[in-house]
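J.: Supplied in structure tokens, the structure appears directly below.
The values are calculated or read from the model by the stated rules, or taken from the named source; none is laboratory data. If you're wondering where the values come from, they're calculated on a predicted model, not measured in any experiment. Cβ sites come from the backbone with ideal geometry, for glycine too, and all protein chains shown count toward neighbours. Accessible surface areas use protein heavy atoms only, side chains included; no ligands, DNA or RNA. Shrake-Rupley method; radii C 1.70, N 1.55, O 1.52, S 1.80 Å.
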2 protein chains.
Amino acid sequence: MVDILHRVGIESDPGKVYSALTTLDGLTGWWTADSTGTGDEIDGILQFRFAAGGFDMKVRELEPEKGVRWQVVDGPEEWIGTYVDFRLTQKDDYTIVLFRHEGWREPVEFMHHCSTKWGSYLMSMKALVETGKGAAHPNDVRIDDWD
Amino acid sequence: MVDILHRVGIESDPGKVYSALTTLDGLTGWWTADSTGTGDEIDGILQFRFAAGGFDMKVRELEPEKGVRWQVVDGPEEWIGTYVDFRLTQKDDYTIVLFRHEGWREPVEFMHHCSTKWGSYLMSMKALVETGKGAAHPNDVRIDDWD
């Protein structure tokens with residue numbers, strides 16, 4: 001089992017970052033404009049759609065200002081059953097986000113792509129919370145030919 | 001042992017990407033302006049310096065237009081003995097770069113930071129090769145409080 005790891009520091013309060021992870025206003029601002037469903041209830045389902053497909057997540061853990069954990073319940077075969085986890089801590093003027101996309105079975109080429117793309121989307125979340133404007137799909141940063 | 005993985009697609013020839021990885025002109029353009037040493041000979045040593053410290057790499061593999069592999073021989077304790085590996089393949093109009101920073105002993109918080117930062121620097125390499133202008137340190141994109 002292999003994981004994608006990232007760390008970003010957002011100059012804002014943990015409450016605002018938590019909101020970006022649990023509300024459609026937030027999720028449509030940094031990940032994909034086509035985000036629907038329920039992100040602020042345990043067992044809520046979130047649907048994220050992109051030009052090339054999408055992911056359905058079940059909300060597994062919610063701890064206000066501290067963390068969010070999703071289980072991938074539909075999407076590309078490599079993603080199903082994996083977990084996406086965000087841990088928040090306040091440190092001086094920053095909210096530190098420790099990100100893990102856990103439980104990949106093999107370090108396939110698609111995992112390399114998803115790692116770079118997650119980093120880019122986390123920078124989009126940082127921009128959204130700090131400035132009010134992220135780079136959600138379809139206005140996301142293109143990293144390779146699979147984008 | 002855990003690895004950092006990334007994938008970027010650069011709209012250029014593998015020869016130009018290989019050059020960005022093996023010449024000081026290239027390395028100072030996308031990673032750090034303070035890059036010195038020898039990147040185009042086996043066992044050459046490259047010194048990369050940043051505001052907060054740096055890394056010395058020994059060139060372990062060179063395959064023109066195909067790949068580069070460095071061993072970290074000095075730097076932060078977590079990096080020493082790890083390997084940084086770039087594999088290049090041509091695919092339509094792109095050179096695909098598969099990146100691995102291999103052999104971390106533990107998925108420490110610093111590894112999360114380095115993962116996001118590597119993604120950002122690989123996007124800088126893509127910009128350098130495609131447009132002639134990257135975002136090398138000290139003009140790099142800041143991702144968190146450790147930057």
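J.: Tell me which residues, restricted to segment A:92-116, are open to solvent by 10 Å² or more (accessible area, probe 1.4 Å) and over 24 Å from A:Val73 (Cβ atoms).
T.: Result: A:Asp92, A:Asp93, A:Tyr94.
J.: Another question, then. Exactly one of these conditions fails for B:Ser124: (1) out of contact with any strand residue (DSSP E or B) (no Cβ under 6 Å at 6 or more places or on another chain); (2) modelled with pLDDT of 95 or more; (3) more than 14 Å from chain A (Cβ to nearest Cβ); (4) open to solvent by less than 60 Å² (accessible area, probe 1.4 Å). Give me its number.
T.: Among (1) out of contact with any strand residue (DSSP E or B) (no Cβ under 6 Å at 6 or more places or on another chain); (2) modelled with pLDDT of 95 or more; (3) more than 14 Å from chain A (Cβ to nearest Cβ); (4) open to solvent by less than 60 Å² (accessible area, probe 1.4 Å), B:Ser124 violates only (3).
J.: Looking at the structure I just gave you, is B:Gly53 out of contact with any strand residue (DSSP E or B) (no Cβ under 8 Å at 6 or more places or on another chain) and at positive phi?
T.: Yes; evaluated as a whole, the condition is true for this residue.
J.: Might you check whether a residue that is surrounded by fewer than 18 Cβ atoms within 10 Å (Cβ to Cβ) and modelled with pLDDT under 95 occurs anywhere in segment B:54-70?
T.: Among the residues of segment B:54-70, not one is surrounded by fewer than 18 Cβ atoms within 10 Å (Cβ to Cβ) and modelled with pLDDT under 95, which makes the answer no.
J.: While we're here: Which of the following residues is more than 28 Å from B:Asp3 (Cα to Cα), out of contact with any Pro (no Cβ under 8 Å at 6 or more places or on another chain) and among the small types (Gly, Ala, Ser): A:Gly39, A:Gly67, A:Gly9, A:Gly81?
T.: Just a single option satisfies the conditions, and that option is A:Gly39.
J.: Please go through (1) closer than 21 Å to B:Arg7 by Cα; (2) at the interface with another protein chain (Cβ under 8 Å from one of its Cβ atoms); (3) of a type in the set (Lys, Arg) for A:Arg105 and return the number of the only condition it doesn't satisfy.
T.: The failed condition is (2).
J.: With the requirement that a residue be more than 17 Å from B:Leu27 (Cβ to Cβ) and β-branched (Val, Ile, Thr), what does segment B:109-130 give you?
T.: B:Thr116
J.: Given the residues B:Gly119, B:Gly134, B:Gly39, B:Gly75, which is the only one that is within 15 Å of the chain's Cα centre (by Cα), at positive phi, of a type outside the set (Asp, Glu) and surrounded by 15 or more Cβ atoms within 10 Å (Cβ to Cβ)?
T.: None of the other options fit; the residue is B:Gly75.
J.: Can you work out which of the residues in segment A:133-147 that are within 12 Å of chain B (Cβ to nearest Cβ) and of a type outside the set (Asp, Glu) is farthest from A:Ile10 (Cα to Cα)?
T.: Once the filter is applied, the top-ranked residue is A:Trp146.
J.: So, in segment B:80-121, how many residues would count as being acidic (Asp, Glu) and closer than 17 Å to B:Gly53 by Cβ?
T.: Residues meeting the conditions: 1.
J.: Here's a follow-up. So is B:His113 touching a Lys or Arg at 6+ places or on another chain (Cβ under 6 Å) and within 21 Å of A:Cys114 (Cβ to Cβ) or not?
T.: When the stated conditions are applied, B:His113 passes them.
J.: Continuing with the same structure: Restricting the search to segment A:81-91, which residues are open to solvent by 10 Å² or more (accessible area, probe 1.4 Å) and more than 7 Å from every other protein chain (Cβ to nearest Cβ)?
T.: Residues satisfying the conditions are A:Gly81, A:Tyr83, A:Arg87, A:Thr89, A:Gln90.
J.: Right, another one. Can you name the residue in segment B:1-41 that is among the small types (Gly, Ala, Ser) and part of a strand (DSSP E or B) and is also nearest to A:Val108 (Cα to Cα) among such residues?
T.: B:Gly9
J.: Kindly state which strands (runs of 3 or more DSSP E) lie completely within segment B:42-147 and contain at least 2 residues that are of a type in the set (A, V, I, L, M) and in contact (Cβ under 8 Å) with a residue 60 or more places away in the chain.
T.: Once the strands (runs of 3 or more DSSP E) in segment B:42-147 are filtered for at least 2 residues that are of a type in the set (A, V, I, L, M) and in contact (Cβ under 8 Å) with a residue 60 or more places away in the chain, what remains is B:94-104.
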